[in-house]
1. Stretched out fully, how many nm does the piece from Ala88 to Leu63 gain, at 0.36 nm a residue minus the Cα gap?
2. Please express the shape of region 156-215 as an equivalent ellipsoid: the semi-axes are the square roots of 5 times the eigenvalues of the C-alpha gyration tensor, given largest first in whole angstrom.
3. List Ile117, Ile212, Ile71, Ile154 from most exposed to least, where exposure is judged by having the fewest other Cβ atoms within 10 Å.
4. Which of Leu21, Leu169, Leu231 moves most in a GNM of the chain, Cα contacts under 10 Å?
5. So which trypsin sites (Lys or Arg not before Pro) in region 129-173 pass both tests, a DSSP loop state and at most 10 other Cβ atoms within 10 Å of the Cβ?
6. Going 7 Å from the Cα of Val49 in the Cα-to-Cβ direction, what parts of region 64-104 have a backbone nitrogen less than 19 Å from that spot?
7. How are the C-alpha pair distances of region 36-103 spread across 10 Å bins, as whole percents from the shortest bin up?
8. For Kirkwood radius over Cα pairs in Å, the choices are [x] 17.8; [y] 19.1; [z] 18.5; which was calculated from the structure?
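Read-outs: derived from the displayed coordinates by stated rules, not from any lab. Bear in mind the structure is a predicted one, so any value in this text is a computation, not a measurement. For neighbour counting, all protein chains shown are included, and Cβ atoms are generated from backbone atoms with ideal geometry for every residue, glycine included.
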Amino acid sequence: MRVFLAGASGVIGRRLLPLLLGAGHQVTGTTRSQERAAQLRSAGVTPAVVDVFDAMAVRQAVLAAAPDVVIHQLTDLPDVLEPSAMAAALARNARLRLEGTRNLMMAVRTAGVRRVIAQSIAWAYAEGTPPYRESDPLDNAAQGDRRVTVDGVIALEALVGGAPEVESLVLRYGRLYGPNTWSADRTAPPALHVDAAAHAAFVAIDRGAPGIYNIAEEDGFVTSGKAREQLGFDHAFRLPL
């Protein structure tokens, strides 16, 4: 299968690539860096150096790849958690969720891609009674930095789900921990190991009906029962060392 991985050099993208390549998929992966493009090529990936804010460049990259599936793992967050810089980082990430996703979905429609899997988050629910399910409302009354994040999530999910001709799956990930994340150890709920996040996207290539899925450990904040049943999600999945 031909897979277009947007964000191939990101935290989840790097853990997802071995799964895709090991299964024999032909992968085109995006990056903003020529250095990382060389690393992708050496790993067996066709690199696409592209600025996701450039709609024409995204369109050309997706058309050239002619993918069966697009996996959206784009983020714009720093490698190191620095509290004083988080407000600016969250604003950049929200902009990417809106403008980058819009450009990617326009390219998906133009290229006639049949299936899209997109990264979202599982801690944007409005205050209620946990564990939260996918049908529970998001916190569109949030304030401050949280409002910036929630608005970006709402925009991303609307754009991904707004193409009825495309099989769109939104994966609401828990707070990541593990290699190359902000935390080596389990984080505050909802928690999720980065390898389990990558595996969820991998199995969603050919499993599960279109819709939204919580992807997190069962730590009382959200329930991932739908993902376990339809995708075969396993929060204990880890890549070999």
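1. On the way: separation 25, 0.36 × 25 = 9.00 nm, distance 3.26 nm.
That works out to 5.7 nm of additional length.
2. Values: eigenvalues 128, 29, 15 Å².
So the equivalent ellipsoid measures 25, 12, 9 Å along its semi-axes.
3. Details: Ile117 25, Ile212 20, Ile71 30, Ile154 17.
By the 10 Å Cβ count, ascending, the order reads Ile154, Ile212, Ile117, Ile71.
4. Fluctuation is largest for Leu21.
5. none
6. 64-65, by backbone N distance to the label point.
7. Per 10 Å bin, starting at zero, the Cα-Cα P(r) for region 36-103 comes out as 18, 42, 31, 9, 0 percent.
8. Checked against the structure: label [x].
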